[in-house]
Amino acid sequence: MLNPSLLICPLCGESLQAHGSSLVCPQRHSFDVARQGYVNLLPVQHKRSREPGDSAEMIAARGRFLDAGIYQSISEQLNAMVAPLRPQVVLDAGCGEGYYLQRLYAELDADVQVFGLDISKPAIMAAARRNKHVHWLVASNKAPPLQAACVDVIVVMFGFPDYAAFAKVLRPGGQVILVDAAEDHLLQLREVIYPEVRKSAPPSIERATACGFDLVETQALRYQTPSLDQALLADLLLMTPHLFRASREGKAAAEALQQLMLTVDVCFRRLRLTTGC
Ligand SMILES: C[S@@+](CC[C@H](N)C(=O)[O-])C[C@H]1O[C@@H](n2cnc3c(N)ncnc32)[C@H](O)[C@@H]1O
Ligand SMILES: [Zn+2]
């Protein structure tokens with residue numbers, strides 16, 4: 001059963017308590033805990049669309065691709081960065097279908113409280129199937145429904161950090177681990193899709209600095225995948241933004257690929273909260 005002690009009501013910010021199979025705040029706002037163990041704390045008024053975030057189809061594709069182990073080294077490097085910090089409370093902000101958080105959970109002590117949130121309900125439903133001990137939440141990075149200053153480490157894997165919101169829920173000295181695509185990530189696929197490949201650096205952390213975070217560590221990870229077959233390449237295309245950015249010709253060229261070896265080029269950054277926003 002979900003332990004609500006660190007959760008807050010997304011409508012009024014007060015503490016939530018378990019009441020039957022719901023979480024309820026003193027103002028009587030009530031949220032059902034789904035049979036699968038997750039809770040939807042995303043109020044309708046915080047939604048920009050009816051089904052925000054990644055679709056069920058994208059989530060299923062990402063699950064198949066990640067379970068094939070192609071990004072396992074990314075997960076291992078993440079775990080090696082987080083475990084020595086000995087966190088008591090961990091949040092994966094934009095956890096998708098839970099691959100990385102499930103593996104990180106297995107590396108941490110059993111009494112660590114682990115939260116995974118995503119704005120996509122299909123993502124959280126899939127994540128809840130992976131692990132019953134993580135607290136899975138449908139919620140937004142813009143307002144993680146957690147008590148102020150309770151989180152030790154926030155993980156953001158290929159996601160959309162909101163540093164002002166993170167600064168509220170992190171304890172002083174709390175840390176953010178950002179994992180992003182670096183310049184050559186999936187280069188061979190981008191060469192097939194785009195007439196001209198634009199190499200871009202990982203996203204700027206200017207906003208993090210403005211919110212009181214210092215960059216304390218940067219790590220790189222670069223390797224070649226084995227040859228990926230057509231089914232895995234189709235899943236990869238569905239889970240990356242490239243499919244949506246591609247021209248019709250680029251998309252057709254990618255879909256025609258029978259096999260391809262890819263460069264994985266990923267950047268890990270560790271930020272520490274020093275002052276508030
Ligand atoms: C590129 S995917 C990465 C998922 C996962 N971290 C991984 O690496 O497998 C980005 C995820 O962010 C989620 N997302 C988008 N906007 C969000 C927001 N405002 N708050 C929380 N999650 C969000 C999407 O639903 C999607 O699951
Ligand atoms: Zn409330």
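Of the residues Gly37, Gly53, Gly20, which single one is more than 15 Å from ligand 1 (Cβ to nearest atom) and in contact (Cβ under 8 Å) with a residue 24 or more places away in the chain? It is Gly37. The single condition among (1) part of a loop (DSSP other than H, G, I, E, B); (2) more than 16 Å from ligand 2 (Cβ to nearest atom); (3) touching a residue at least 12 places away in the same chain (Cβ under 8 Å) that Asp92 does not meet is (1). Among residues belonging to segment 132-185 that are in contact with a helix residue (DSSP H, G or I) (Cβ under 8 Å, 6 or more places away or on another chain) and among the charged types (D, E, K, R), point out the one that is farthest from Leu42 (Cα to Cα). For segment 132-185, the residue satisfying everything is Asp152.
Looking only at residues of segment 1-16 that are touching a Pro at 6+ places or on another chain (Cβ under 6 Å) and open to solvent by 60 Å² or more (accessible area, probe 1.4 Å), we find that the one that is farthest from ligand 1 (Cβ to nearest atom) is Glu14.
Can we say Pro161 is open to solvent by 20 Å² or more (accessible area, probe 1.4 Å) and assigned to a strand (DSSP E or B)? Even if it seems obvious, please write down each step before you answer.
Values: open to solvent by 20 Å² or more (accessible area, probe 1.4 Å): yes; assigned to a strand (DSSP E or B): no.
The answer is no for Pro161.
I'd like to check which helices (runs of 4 or more DSSP H) are fully inside segment 164-277 and have at least 3 residues that are touching a Pro at 6+ places or on another chain (Cβ under 7 Å) and at pLDDT 95 or above.
Working: elements: 187-193, 206-210, 230-239, 242-245, 248-255.
Passing ranges: none, list empty.
Restricting attention to segment 235-251, the residues that are open to solvent by less than 50 Å² (accessible area, probe 1.4 Å) and within 21 Å of the chain's Cα centre (by Cα) add up to 8.
Name the residues in segment 127-142 that are near ligand 1 (Cβ under 10 Å from one of its atoms) and not basic (Lys, Arg), would you? Matches in segment 127-142: Ala127, Leu137, Val138, Ala139, Ser140, Asn141. For segment 16-30, filtered to residues that are near ligand 2 (Cβ under 9 Å from one of its atoms) and in a strand (DSSP E or B), the residue that is farthest from Pro122 (Cα to Cα) is Val24. How many of the residues in segment 31-44 are within 17 Å of Val169 (Cβ to Cβ) and either near ligand 2 (Cβ under 9 Å from one of its atoms) or among the β-branched types (Val, Ile, Thr) (or both)? Residues that pass the stated criteria total 1.
Could you please find all residues in segment 59-71 being in contact with a helix residue (DSSP H, G or I) (Cβ under 8 Å, 6 or more places away or on another chain) and either under 22 Å from Phe268 (Cα atoms) or open to solvent by 30 Å² or more (accessible area, probe 1.4 Å) (or both)? Show your work before the answer.
Filtering segment 59-71 down to residues in contact with a helix residue (DSSP H, G or I) (Cβ under 8 Å, 6 or more places away or on another chain) leaves 59-68, 70-71.
Within segment 59-71, Ala60, Arg62, Gly63, Arg64, Phe65, Leu66, Asp67, Ala68, Ile70, Tyr71 qualify.
Anything in segment 177-220 that is on the phi > 0 side of the Ramachandran plot and either under 21 Å from the mean Cα position of the chain (by Cα) or open to solvent by 50 Å² or more (accessible area, probe 1.4 Å) (or both)? List them, or say none. Matches in segment 177-220: Leu186 only.
The lone criterion from (1) surrounded by fewer than 21 Cβ atoms within 10 Å (Cβ to Cβ); (2) part of a helix (DSSP H, G or I); (3) more than 9 Å from ligand 1 (Cβ to nearest atom) left unmet by Pro122 is number (3).
Contact map, segment 239-263: residues that are at negative phi paired with residues that are of a type in the set (Gly, Ala, Ser) and open to solvent by less than 50 Å² (accessible area, probe 1.4 Å), Cβ distance under 6 Å, separation 6+ or inter-chain. Pairs shown: Met239/Ala61. Does segment 50-59 contain any residue that is out of contact with any Lys or Arg (no Cβ under 9 Å at 6 or more places or on another chain) and under 23 Å from Leu104 (Cα atoms)? So far as segment 50-59 goes, yes, one or more of its residues are out of contact with any Lys or Arg (no Cβ under 9 Å at 6 or more places or on another chain) and under 23 Å from Leu104 (Cα atoms).
The values are calculated or read from the model by the stated rules, or taken from the named source; none is laboratory data. Since we're looking at a predicted model, the values are computed, not measured. Here the Cβ is made from the backbone with ideal geometry for all residues, glycine too, and neighbour counts use every protein chain on show. We work out accessible area using only protein heavy atoms, side chains counted, and drop any ligands, DNA or RNA first. Shrake-Rupley method; radii C 1.70, N 1.55, O 1.52, S 1.80 Å.
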